[in-house]
Amino acid sequence: MRFPLAVTALCLLATLADAATLDRLRAFVHETQTARATFTQTVYDKTGRVKQHASGEFAIGRPGKFRWSVDKPYKQLLVGDGERVWIYDADLNQVVKRRNDKALGTTPAALLAGKDDVEQAFDWRDLPPTDGLDWLGATPKDKESSFSDIRLGFDASGLAALEIFDNFGQRTSIRLAHLERNPKLPPELFKFAPPKGADVVGD
């Protein structure tokens, strides 16, 4: 089963600029009930070598609902319906389902689609601006998290990038485009029914 490190992640110290950037994250979490965007995703191994490129679309409906659809190079769909997260690999015709509290936890999806108190699940720190973006770093407080670090990049229009580091030194870089905040999204977008004949595993 292939898991995109998404479908989807600021110590309040120092300067006014840092505080302003943290406030932008808080504004996104507290004021954004729905959102959608396209994305490109690049996965690097611990030596910095590119392992994979992917692209697709995502949508969120807070709290706990999201849809992360990978179009290229293969079809994969993640849907969080508020109770469970469904991961569908079309090539394998396999579905993995997990309870929302287990699947979200301290992941990027928790930052984007989680509850308002998600900020308490991370230790935050300021990072220097790079690539024209203001960056915030988040380290999960849960030592059993599958992610060692998450970084969020903001440009003038809002959230523009995420960097995700797993416990094996792998880095996933996600760049967002055409981000819409609070669009009207159909409820069906966050529902999933396993296709007939698919192998379904999980709790």
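Please treat every number below as a calculation from the coordinates, not as lab data. Just so you know, these numbers come straight off a predicted model, no measurement behind them. In this analysis, Cβ positions are derived from the backbone assuming ideal geometry, glycine residues included, and neighbour counts consider all displayed protein chains.
Numbers below:
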quantity	calculated
Mean Cβ count within 10 Å, highest first, over the residues of peptides 39-46, 63-70	63-70, 39-46
Peptide ranges 77-83, 187-193, 127-133 listed from the most packed, as the mean C-beta count within 10 angstrom indicates	77-83, 187-193, 127-133
Per-residue ³J(HN,Hα) for region 127-139, Karplus 6.51 cos²θ - 1.76 cosθ + 1.60, θ = phi - 60°, Hz, x for Gly and Pro	10, x, x, 8, 6, x, 10, 8, 10, 10, x, 9, 10
Added length on full extension, which subtracts the Cα-Cα distance from 0.36 nm per residue, GLN52 to SER148	32.6 nm
Ordering of 179-185, 157-163 by burial proxy (mean other Cβ atoms within 10 Å per residue, highest first)	157-163, 179-185
Spin-label pair GLN120/ARG181, simplified geometry with 7 Å Cα→Cβ offset, distance in nm	2.4 nm
Under-5 Å amide H pairs with GLY82, H placed in peptide plane, nonlocal only	PHE66
Whole-angstrom gap from region 27-87 to region 155-185, using each part's C-alpha centre	8 Å
